[in-house]
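The values are calculated or read from the model by the stated rules, or taken from the named source; none is laboratory data. Computed from a prediction, not measured in an experiment: that's the story for all the values here. A quick note on method: Cβ atoms are made from the backbone with ideal geometry, for glycine too, and the neighbour counts reach across all protein chains shown.
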Amino acid sequence: MKTTSKSGKMYNRGAWKYALPAFIPLVLLSVVPLSQAIWTAFTDNVAGFNVKVKFIGFENFRRLAGDTLFWASFKIGIIWAVSVTLLALVLGFGLALLLNQKLRFLGLMRVLSLVPWAMPPVIVAIMWNLLLRPTSGPIDGILEFFHVPGAKTDWLGDFNTAFPTVILIGAWVAMPIITVSILAAIQGIPSDMIEAATIDGANAWQRFRFITIPAVRAITTALVALNIIWNFSSFGLVFVLTAGGPGGKTFVPALFAYNEAFKYGNFGYAASMGVVMALAIVLMLAVYLKASKREDTQR
Amino acid sequence: MSAIEQRGISIAPEKKKRKYYLIPTYFAVICYIIFLGFPFVWMFTTSLKSPFELLQLDQSFLPKSFYWQNYQDIMEKRGLLNSAKNSTIIALITTVITTIFAVPAGYAIARLRKVFSGAATGWILISQVFPVSLVIIPLFMAVRRLGLLDTIWGLILVYLVAALPFALWMLKGYVASIPMDLEEAGAMDGASSFQILRRIVFPLLLPGIVATALFTFLNSWNEFFFALVLIQSPENETLPLTLARFMGSEGQVLLGPLAAGAFLATIPSLLIFGIMQRKLASGLLAGAVKG
C-alpha cells in the first residue's frame with residue numbers, strides 16, 4: 001500500500017484495515033441484493049417455494065413493452081415526480097427567501113418549515129386525509145365559508161382533483177429539504193458582496209438575479225436530481241392516501257410493481273418494471289444534468 | 001440558528017420603502033405558516049374531540065371538551081403500544097449496527113486511495129437510483145429463505161441494507177471535513193493508526209456520527225414499504241403499519257383515535273428534529289459538497 005500520494009500528502013497507513021470489515025457488509029448487503037434484483041428481471045421467478053427459476057432473457061421486457069397499463073402508470077410516475085419536484089422547489093425557494101429576511105414569526109416559521117420532513121409518510125397521509133374529508137374536513141368547510149366554487153369536493157376521490165391534490169401533498173413533504181438547503185446556500189453568500197452590489201446601485205431584483213440565483217444554482221441542481229429519484233419511486237404516501245385510485249388516476253409505478261410482485265406473485269416481471277424505472281431515472285438525470293451543465297457554461 | 005438573526009442579509013429595500021413592500025411579504029408568511037402548520041394542529045385538535053363531536057358536519061377548530069380517551073383507546077385497544085415497542089426496538093438495533101459498520105467504512109472511503117473510494121462512492125450513488133420496489137424482491141426472497149419472514153429480525157436485516165449506503169455517504173462527508181493535517185501530525189508524533197483513529201478522528205467525528213445515527217433511526221422509524229411487504233401478524237407490526245391498517249378499516253369511522261395515534265407516532269421524529277435542526281441538512285449534503 002502506498003502511503004504517499006503525488007501531492008505529497010500522507011494517507012493514514014492503516015485505513016485499509018478499517019475498510020475491509022466494512023466493505024464486506026457493503027458488498028453483502030448492497031451489491032449482492034441489487035445484482036440479484038437485476039438478475040431476477042431476466043427470469044420467470046414467481047412467488048412460492050420449490051418453483052424452478054428459469055432464465056428467459058428479455059422475455060419480461062418484451063411483455064412489459066406491450067403492457068399498456070404499466071405505461072399508463074409510468075406516465076403518471078413521471079408527471080408525479082416532475083410536478084412534485086418543481087412545485088416543492090418553487091415553494092421551498094420562496095420560503096427560504098422569507099426565512100432569510102428580518103421578519104416577525106421567523107422562529108415559528110423556521111420550526112414549521114421542518115415539520116413535514118419529520119413526519120412519517122403514513123402519518124402525513126392520515127393527516128391530509130382528515131383535512132380533506134368531504135363531510136367533516138376543515139378544507140371544504142373553509143372553502144364553503146368563503147363561498148369558493150368547488151367547496152364540498154371529495155378532493156381525493158374525484159377523478160379530476162385526486163392527482164393534483166396528491167401532488168400538492170407530495171410537494172408539502174418535499175419542501176423542507178429544499179428550503180433548508182437553499183437557505184444555507186443563500187446564507188453562505190458573503191455579506192460584503194451584497195453591500196458592494198448595493199453601493200454599485202444594484203436594486204433588489206438585480207441583486208436577486210445576479211447574486212442569489214448563481215449562489216444557489218449548484219445546490220438546486222443537486223436537489224432537483226435527488227427529488228426526481230426519490231419521488232419517481234415513492235410509495236407510502238400515495239398508497240395510504242388513495243391506493244392508486246380513483247380509477248387509477250394516481251397509480252404510480254411503485255404501486256404497480258408492488259401489486260405485480262406481492263399481490264400476483266410475479267417476481268420476475270415486477271423486477272423488470274423496477275429495472276425499467278431505474279433506467280428511466282438514469283435517463284432523466286442524464287438529460288437534466290447535461291442541460292444544467294450547458295446552462296452553466298453559457299454564463 | 002442564530003446566524004440568521006445576526007447576519008440578516010435582507011433583500012428588502014431601505015427603511016423608507018419598507019411599508020408597502022412588507023404587505024405581500026407578510027401575506028406570504030401567513031400563507032406559509034397556515035400551509036405548514038395548520039394540518040398538524042388540526043390533527044392534534046381532532047385527537048381531542050369526542051366521537052359525537054366528530055360526527056357533526058361543521059367542525060369547530062378547537063374541541064368542545066378534551067376527550068383524552070382517544071389516546072387510551074388507540075394505545076390499548078388497537079395495539080399501538082405494542083407497535084411502538086416494535087418500532088423502537090427495530091429502529092434502535094438498526095441504528096446501532098449501521099453505525100458500527102458505517103463509521104470505519106465511512107472513514108476508509110474518505111481516506112483511502114482514489115480507486116477504492118471512487119468505486120465505493122460510485123456504488124453508493126448507483127444504489128440510490130434503484131427503486132425500493134425492485135430492491136425488495138431479492139430481499140424478500142432472502143428473508144424468506146432465512147425463515148425470517150414476518151419477524152422483526154427480518155425487517156432489521158432489510159433496514160440495514162437500506163440504511164448502510166446513505167449512512168456511509170453522510171459519514172464520508174463528515175470525515176472529509178476533518179483536516180488531514182491533524183492526522184499527519186499525529187503520525188509524526190508516532191501515534192499508531194488506531195490511536196489516530198481513536199484519539200484524533202473519533203472525537204472530531206462524534207457530531208457527525210450522532211447526526212448519522214439519528215438520521216438512520218428516523219428513517220427506520222418512519223419506514224413503511226418494507227414493513228408492509230415483510231410483516232403480516234399484528235403483533236409484529238411497526239407503528240406506520242398499524243396506523244395504515246387502522247385507517248383502512250375502523251379508522252374511517254374512529255377519527256379521534258386515528259388522529260391520536262398519528263400524533264403520538266410523530267413525537268419521536270419531532271424530538272429528533274428538535275435536537276438536530278439544521279445540522280441535519282448540512283450533514284446530508286456534506287457528502288455531496290466535500291467529495
Query raised in the report: What are the residues in segment A:5-64 that are more than 10 Å from chain B (Cβ to nearest Cβ), touching a Ser or Thr at 6+ places or on another chain (Cβ under 7 Å) and modelled with pLDDT of 90 or more, if any?
Result: A:Asn60, A:Phe61, A:Leu64
Query raised in the report: From the residues in segment A:130-169 that are part of a loop (DSSP other than H, G, I, E, B) and aromatic (Phe, Trp, Tyr), which one is modelled with the lowest pLDDT?
Result: A:Phe146
Requested in this report: Give A:Phe239, A:Phe256, A:Phe210 a once-over and let me know the one that is surrounded by 24 or more Cβ atoms within 10 Å (Cβ to Cβ), in contact with a helix residue (DSSP H, G or I) (Cβ under 8 Å, 6 or more places away or on another chain), of a type outside the set (S, T, N, Q) and in a helix (DSSP H, G or I).
Outcome: A:Phe256
Query raised in the report: Is segment A:262-271 home to any residue that is buried (at least 19 other Cβ atoms within 10 Å of the Cβ), within 13 Å of chain B (Cβ to nearest Cβ) and not in a helix (DSSP H, G or I)?
Result: yes
Query raised in the report: Is it the case that segment A:77-84 has a residue that's touching a Leu at 6+ places or on another chain (Cβ under 7 Å) and either in a helix (DSSP H, G or I) or crowded, with 24+ Cβ neighbours inside 10 Å (or both)?
Result: no
Query raised in the report: Could you list, in sequence order, the residues of segment B:105-116 that are surrounded by fewer than 24 Cβ atoms within 10 Å (Cβ to Cβ) and either in contact (Cβ under 8 Å) with a residue 40 or more places away in the chain or in contact with a Ser or Thr (Cβ under 8 Å, 6 or more places away or on another chain) (or both)?
Result: B:Arg113
Report task. Check A:Thr220, A:Thr161, A:Thr153 and return the single one that is hydroxyl-bearing (Ser, Thr, Tyr) and either within 25 Å of A:Leu285 (Cβ to Cβ) or within 11 Å of chain B (Cβ to nearest Cβ) (or both). Result -> A:Thr220
Query raised in the report: Among B:Pro138, B:Pro104, which is at the interface with another protein chain (Cβ under 7 Å from one of its Cβ atoms), under 21 Å from B:Phe202 (Cβ atoms) and assigned to a helix (DSSP H, G or I)?
Result: B:Pro104
Report task. Take the residues in segment A:102-129 that are outside any helix (DSSP H, G or I) and out of contact with any helix residue (DSSP H, G or I) (no Cβ under 7 Å at 6 or more places or on another chain), then tell me which one is nearest to the other protein chains (Cβ to nearest Cβ). Result -> A:Lys102
Query raised in the report: Which one of these is surrounded by fewer than 16 Cβ atoms within 10 Å (Cβ to Cβ) and out of contact with any strand residue (DSSP E or B) (no Cβ under 8 Å at 6 or more places or on another chain): A:Phe105, A:Phe70?
Result: A:Phe105
Query raised in the report: Does segment B:261-269 contain at least one residue that is out of contact with any helix residue (DSSP H, G or I) (no Cβ under 6 Å at 6 or more places or on another chain), in a helix (DSSP H, G or I) and at pLDDT below 85?
Result: no
Report task. Identify, from the list B:Gly190, B:Gly186, B:Gly256, the residue that is in contact (Cβ under 8 Å) with a residue 24 or more places away in the chain and either on the phi > 0 side of the Ramachandran plot or touching a Lys or Arg at 6+ places or on another chain (Cβ under 9 Å) (or both). Result -> B:Gly256
Query raised in the report: Can you tell me which residues in segment B:233-268 are more than 10 Å from chain A (Cβ to nearest Cβ) and either closer than 24 Å to B:Pro63 by Cα or over 24 Å from the mean Cα position of the chain (by Cα) (or both)?
Result: B:Ser233, B:Ser249, B:Glu250, B:Val253, B:Leu254, B:Gly256, B:Pro257, B:Ala260
**Report entry** B:Thr212 being among the hydroxyl-bearing types (Ser, Thr, Tyr), more than 18 Å from the chain's Cα centre (by Cα), surrounded by 15 or more Cβ atoms within 10 Å (Cβ to Cβ) and part of a helix (DSSP H, G or I)
**Finding:** no
